[in-house]
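Notes follow once the structure below has been shown.
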Amino acid sequence: MTTPHNAAAVPPPATRDHLARVFAQYPIEVVAADDVWLTTRDGRRILDLYGGHAVASLGYGHPRWLEALEHQAREVSFQSNAVPMDVRARAATRLIEFAGLPLDTVFFVNSGAEANENALRLACRTTGRGRVVAMEGSFHGRSAAAAAVTWGSEKWYGFPQRPFAVDFVPRRDARALESAITDDTAAVIVEPVQGVGGAFDMGREYLEAVASRCRATGALLIFDEVQCGVGRTGYPFAANLYGVVPDMLTTAKALGAGFPVGALLLSPGLAGELKLGELGTTFGGGPMACAVIEAVLAAIDEEKLLDNVRAVSALIRDRCVLGPVTGIQGEGFLLGLRTRMPARDVHAALLERDILTGTSGDPQVLRLLPPFTLGAAHVEMLAAALAGLTP
Ligand code: PLP
């Protein structure tokens, strides 16, 4: 028998794969999932309060989501945006109606970063300006423009230069807005509730101040609702919750509930300025993505999941300030549990007790991003586990 020349260098199959080593790995392997539960290879059942990083809005295996994918795959699995399709038009209408904001046009893409990339490009193009204001603590994605407005991205940015000048402002500091947002500012991009930044809500008053300064200077306001949108705050979008309307709104994650989708919503004024060929994508707005979007929004409406998010979020706030948790911030199902000890230690201790949560950019904030179907009994499990941890 011959031995492969590199046999000694190849670890056994169970421990070797060819994936880029860029993600720290949780000590679990998930092989199945249903509703809010994950099943691991070694047979554990884990309560998922992380939702695949805010993606699993309907939980796992939702019948409506499965049916939409299967039906559309059999009917027409793909056609490009050059070919009109009813399912694409229906998904756009449903999304605009779900939002209920004075934004009337949708450009479908594949991810949050791509939605932000397009929003920032449109802002620079339509205003003819070359500066963008972003918030400290922000996360907007990994592509050239999205990463340029992401706080702390210089650690991994990599490109020789940014596509525009960026001015970061401290969160919730209304006084800093006047000097930062000027007649040179193309756009202000803000997550109304920061996700990676630690479930940090900007609040109505601050967002109103940002919007008002944008109006005064002609800067465009972009709400990045990639993480906080599509019902996660208990409202269609955080824009609805706070009553502040942006010129553009980007979203992704929960919108596809596990299928990769993203969307850029535009005001009528901006939509009117679009020229043929100005934006483009191969997969964005594909029929399977659109069938899923339609199904997700229908499920949120018909199963009254926004009511559930609001009610169960209130319960978490009521029941879970105990053990290592000193307070809770954020909105709906984008919550930050402020912890006495490092959040990563609480995360690890909860995972040992079969509860998956998330950490955040704030070392003292543990993030909860559960599926919208989470119920009161699950909150009691979390409360009991927290009570069992050393404060
Ligand atoms: N914007 C926000 C607020 C996010 O939380 C993320 C991802 O975590 C992104 C943008 C980037 O989205 P994606 O990873 O889909 O490109």
Inset, instruction - Test G234 against the stated conditions and say whether it is at positive phi and either surrounded by fewer than 24 Cβ atoms within 10 Å (Cβ to Cβ) or assigned to a helix (DSSP H, G or I) (or both). - result: yes
Inset, instruction - Would you mind stating whether G152 is at positive phi, in contact (Cβ under 8 Å) with a residue 24 or more places away in the chain and in contact with a strand residue (DSSP E or B) (Cβ under 9 Å, 6 or more places away or on another chain)? - result: no
Legend entry - Evaluation of G234 against (1) in contact with a Gly (Cβ under 8 Å, 6 or more places away or on another chain); (2) more than 16 Å from the ligand (Cβ to nearest atom); (3) under 19 Å from D104 (Cα atoms) (one fails), failing number: (3)
Legend entry - Of residues in the range 163-188 being among the charged types (D, E, K, R) and over 26 Å from the mean Cα position of the chain (by Cα), the one nearest to V132 (Cα to Cα): D184
Legend entry - Residue in the range 325-335 that is more than 22 Å from A56 (Cβ to Cβ) and either touching a Ser or Thr at 6+ places or on another chain (Cβ under 8 Å) or modelled with pLDDT under 95 (or both) present: yes
Inset, instruction - Could you list all residues from the range 213-231 that are of a type in the set (G, A, S), surrounded by 24 or more Cβ atoms within 10 Å (Cβ to Cβ) and more than 14 Å from the ligand (Cβ to nearest atom)? - result: A219, G231
Inset, instruction - Look through the range 245-273, keep the residues that are buried (at least 24 other Cβ atoms within 10 Å of the Cβ) and of a type in the set (V, I, T), and return whichever of them is nearest to T127 (Cα to Cα). - result: T250
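The values are calculated or read from the model by the stated rules, or taken from the named source; none is laboratory data. Given the structure is predicted, the values throughout are model-derived calculations rather than measurements. For neighbour counting, all protein chains shown are included, and Cβ atoms are generated from backbone atoms with ideal geometry for every residue, glycine included.
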